[in-house]
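Colleague: Take this structure, written in C-alpha cells, and hold onto it; I'll ask about it next.
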Amino acid sequence: MAEAKHIILVGAGGCMRELAWQIQERNRVDMIWQIDGYVDVKKPETDEQCIVGKEVIPYLGNDDYLLRKQEPVNVAICVGNPTLRKKIAERLKKNVNIQFPNLILGDTRICDDVKMGEGCIISMDCKVSTNVRFGNFVFLNIGSQVCHDGQLGDFVTLSPDVKLAGNVQVGCTCDIGLGVKVIQGITIGKGAVIGAGGVVVRDIEAGCTAVGVPARSMIKV
C-alpha cells in the first residue's frame, strides 16, 4: 500500500472542516491523504482546538507559513466563495513549491475522459459524465452532477445538489447555489450568481445574479 500524501488545508470555516471530514471518510477505504493542519489569515481567538470527528486539525499559521515553504507541499483551498478562492490561489502561487492536487473524494463517479486543471475539489456523491472539462480550482460540493459535454471555467463553485444537464457552459468565478437545476445547452456568463433552488432555462449574462423558478436576472454587478 502506498504511503499517504501530506496535505495542508487553507481556510478555517465550515467548508474546511467538512472537507477534512470527507478526507477522513475517503481514508477509511484507502489512506490517501494525511492532513498536517490548516492555515488561515486569522489566528484562532481561543486556544480551543479544531476537531473534526476524532482528529485534531492543528493551526499552522497564516499564508506566510506556506509562502515560506522551501520544499514541495500539497495544498487544498477550502473556500466556497469563488472570488475569495481566486484571491487566495493567486497569492499562494507566488511560491512555486506549493502544489494544488485535485481532490477526488468518496463515492464519486467520474468518466475516464473528464479533464480538469489543478486544485479542483470533487466532493463525495458527485457525478461527472463524459467529455466534461473543468478549469482550475473548480469546487463541486456534495451531491452535485455535471452531465455530458459540460464546461466549467476557473474557480466555479457548485453548491450541494446542483444539477447541470448536458452541454452547459459555466463561466469563470460563477457561484451556483444550493439545489440549482440548469437545463441542457445553457450558458452562464462569467461571475454570475444563481440563487439557491433556481431553475435556469435561459442563458444568464455575465455578472448577473439570477433567482427563482424559472431563474431571472435581478442584478448586474
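Colleague: By how many degrees, 0 to 90 and rounded to 10, does the Cα axis of helix 82-92 deviate from the longest principal axis of the chain?
Modeller: Result, in degrees: 40.
Colleague: Could you give the longest part of the chain that holds none of the trypsin sites (Lys or Arg not before Pro) found in DSSP loops with at most 16 neighbouring Cβ atoms within 10 Å?
Modeller: Longest run free of exposed loop sites: 95-189.
Colleague: Using the Karplus equation 6.51 cos²θ - 1.76 cosθ + 1.60 (θ = phi - 60°), what ³J(HN,Hα) coupling, rounded to whole Hz, does each residue of region 141-146 give in order, writing x for Gly and Pro?
Modeller: Result, rounded to whole Hz: 7, 3, x, 6, 9, 10.
Colleague: In addition: What's the angle, to the nearest 10 degrees (0 to 90), between helix 14-29's Cα axis and the longest principal axis of the chain?
Modeller: Here the helix axis deviates by roughly 80 degrees.
Colleague: Could I ask something else about it? Using the Kirkwood radius over C-alpha pairs as Rh, can you work out the diffusion coefficient of region 102-213 via Stokes-Einstein at 10 °C, viscosity 1.306 mPa s, in µm² per second?
Modeller: Approximately 120 µm²/s, per Stokes-Einstein.
Colleague: In whole Å, what three semi-axes, largest first, describe the equivalent ellipsoid of the chain built from its Cα gyration tensor (square root of 5 times each eigenvalue)?
Modeller: 30, 19, 16
Colleague: Hey, another quick one. Could you derive backbone 3J(HN,Hα) for region 36-45 from the dihedral phi with the Karplus parameters 6.51, -1.76 and 1.60 (θ = phi - 60°), listing whole Hz in sequence and x where the residue is Gly or Pro?
Modeller: Whole-Hz 3J(HN,Hα) from phi for region 36-45: 7, x, 9, 10, 7, 5, 10, 5, x, 6.
Colleague: Still on this model: May I ask you to list the aspartates and glutamates whose Cα is less than 13 Å away from that of K86, ignoring any residue fewer than eight positions away on the same chain?
Modeller: Cross-link targets: E118, D154, D175.
Colleague: To continue, here is another question. Mind checking which of A192, Q34, G13 is farthest towards the positive end of the chain's charge dipole, using Cβ charges of +1 (Lys, Arg) and -1 (Asp, Glu) about the Cα centre?
Modeller: Comparing the listed Cα positions along the dipole, A192 ranks first.
Only the coordinates and a few stated rules stand behind these numbers; no lab work does. Keep in mind the model is a prediction, meaning the values are calculated, not measured. Here Cβ is always computed from backbone atoms with ideal geometry, including for glycine, and neighbour counts include all displayed protein chains.
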